[in-house]
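Enquirer: Below is one structure. I have some questions about it.
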Amino acid sequence: MSLHDELLATARRLVAGAALPPTDADVRRAISTAYYALFHRLIDAAVAHLLPTHSDDQRAAIARVFEHIKIRAVCGRVVELALHPNSTSGAILSLVRVLGPVVPDELRRVAVALTSLYQRRQEADYDRNPVHNPITLASAQTAVGQVDSAFADWVALEAANRSIAQAFLVLLLTGEPKSR
C-alpha cells in the first residue's frame, strides 16, 4: 500500500466511530494526516510522471524537493483561475498558458481540497485555542471526506485530461509560472 493510502486509512481510523469518542488529539491528527495523504498523493503522481524509469532512491530524493508553500500557492491560483477565467491578472494569464483557459472541475476540486486542508492542518497542528474555527470531530470527518473525493477526482482527471494533469504536476514542483 502506498504512503498516501496508508495516511488516508489512518485518518479514517482516527475519526471512525469506536467505543470511545476520539480525543482532541485524535481529531487534530486526523485533519493533519488527511492533508498529508493528499499532499503525498500529488507528489507521488508528479514523481511518477517526471521520473518514470528512475530508481526508488532517486524518486524519493526528488519527492523531498516539493514544498508545501509552492503547492498551496499553485492550488490557490488554480482555484482563482477556475473562479475568474476572464481575469487579466498576469499570474492568471501565465497559468492559462500552462493549463489552458478552462480548469476541469476535477482539478478545481483537488485544488480547493488542498488549499482548505492546508489551512485546516495549520489550525489543527498549531492553533491551541481555535475560537473562530473550532477543531471538531465533524470537521475532521469532513477533511477525510475531502481527501476521499480528491483522490477520486485525481483519478478522473488523469483519465480524462492527462495533459492538464501533467502540466499541473510540473507546476507543483516549479511553482507558479512567471508572468512576462
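Enquirer: In region 158-169, how many are more than 10 Å from L99 (Cβ to Cβ) and over 14 Å from the mean Cα position of the chain (by Cα)?
Expert: Number of matching residues: 5.
Enquirer: Of the residues S149, S163, which single one is closer than 20 Å to A48 by Cβ and hydroxyl-bearing (S, T, Y)?
Expert: Only one candidate passes the filter, namely S163.
Enquirer: Moving on. Looking only at region 125-175, which residues are among the charged types (D, E, K, R) and either touching a Ser or Thr at 6+ places or on another chain (Cβ under 7 Å) or more than 24 Å from R77 (Cβ to Cβ) (or both)?
Expert: D125, D127, R128, D148
Enquirer: Report, by residue number, each residue of region 1-25 that is assigned to a helix (DSSP H, G or I) and surrounded by 18 or more Cβ atoms within 10 Å (Cβ to Cβ).
Expert: Within region 1-25, H4, L7, L8, A11, R12, L14, V15 meet the criteria.
Enquirer: Could you check region 57-106 and list, in sequence order, the residues that are within 17 Å of V47 (Cα to Cα) and of a type in the set (K, R)?
Expert: Listed by number, the residues that qualify are R59, R64, K70.
Enquirer: Output the number of residues of region 63-99 satisfying the condition of being under 20 Å from P177 (Cβ atoms) and more than 15 Å from the chain's Cα centre (by Cα).
Expert: Adding up the residues that qualify gives 21.
Matching residues to (1) surrounded by 17 or more Cβ atoms within 10 Å (Cβ to Cβ); (2) closer than 14 Å to A37 by Cα:
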{"position": "Y126", "(1), (2)": "no, no"}
{"position": "N129", "(1), (2)": "no, no"}
{"position": "T136", "(1), (2)": "no, no"}
{"position": "S139", "(1), (2)": "yes, no"}
{"position": "V147", "(1), (2)": "yes, yes"}
{"position": "F151", "(1), (2)": "yes, yes"}
{"position": "W154", "(1), (2)": "yes, yes"}
{"position": "R162", "(1), (2)": "no, no"}
{"position": "Q166", "(1), (2)": "no, no"}
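Enquirer: Can you name the residue in region 26-47 that is among the small types (G, A, S) and closer than 20 Å to G175 by Cβ and is also surrounded by the fewest Cβ atoms within 10 Å (Cβ to Cβ) among such residues?
Expert: A45
Enquirer: Could you tell me how many of the residues in region 45-64 are modelled with pLDDT under 85 and not in a helix (DSSP H, G or I)?
Expert: Number of matching residues: 5.
Enquirer: Still on this model: Take region 150-172 and flag every residue that is small (G, A, S) and over 22 Å from I69 (Cα atoms).
Expert: Within region 150-172, the subset small (G, A, S) is 150, 152, 156, 159-160, 163, 165, 167.
Those that are small (G, A, S) and over 22 Å from I69 (Cα atoms): A152, A156, A159, A160, S163.
Enquirer: Using the structure shown, decide if A111 is closer than 21 Å to T174 by Cβ, in contact with a helix residue (DSSP H, G or I) (Cβ under 6 Å, 6 or more places away or on another chain) and crowded, with 22+ Cβ neighbours inside 10 Å. Reasoning before the result, please.
Expert: Values: closer than 21 Å to T174 by Cβ: yes; in contact with a helix residue (DSSP H, G or I) (Cβ under 6 Å, 6 or more places away or on another chain): yes; crowded, with 22+ Cβ neighbours inside 10 Å: yes.
Yes.
Enquirer: Quick one: I92 ticks every box in (1) touching a helix residue (DSSP H, G or I) at 6+ places or on another chain (Cβ under 7 Å); (2) in contact (Cβ under 8 Å) with a residue 40 or more places away in the chain except a single one, so which number is it?
Expert: (2)
Enquirer: Test P52 against the criterion of being over 22 Å from A113 (Cα atoms) and in contact (Cβ under 8 Å) with a residue 40 or more places away in the chain, and give yes or no. Working first, answer last.
Expert: On the way: over 22 Å from A113 (Cα atoms): yes; in contact (Cβ under 8 Å) with a residue 40 or more places away in the chain: no.
Judged against the criteria, P52 is not a match.
Enquirer: Return the residues of region 83-97 that are in a helix (DSSP H, G or I) and out of contact with any Asp or Glu (no Cβ under 8 Å at 6 or more places or on another chain); say none if nothing qualifies.
Expert: Residues of region 83-97 that are in a helix (DSSP H, G or I), as a first pass: 83, 90-97.
Passing the criteria: L83, G90, L93, V96, R97.
Enquirer: Related question: Hey, among the residues in region 66-82 that are of a type in the set (A, V, I, L, M) and over 13 Å from L107 (Cβ atoms), which one's surrounded by the most Cβ atoms within 10 Å (Cβ to Cβ)?
Expert: The residue in question is I71.
The values are calculated or read from the model by the stated rules, or taken from the named source; none is laboratory data. Because the structure is a prediction, the values reported are computed rather than measured. Neighbour counts are summed over all protein chains in view; Cβ atoms, including those assigned to glycine, are modelled from backbone coordinates with ideal geometry.
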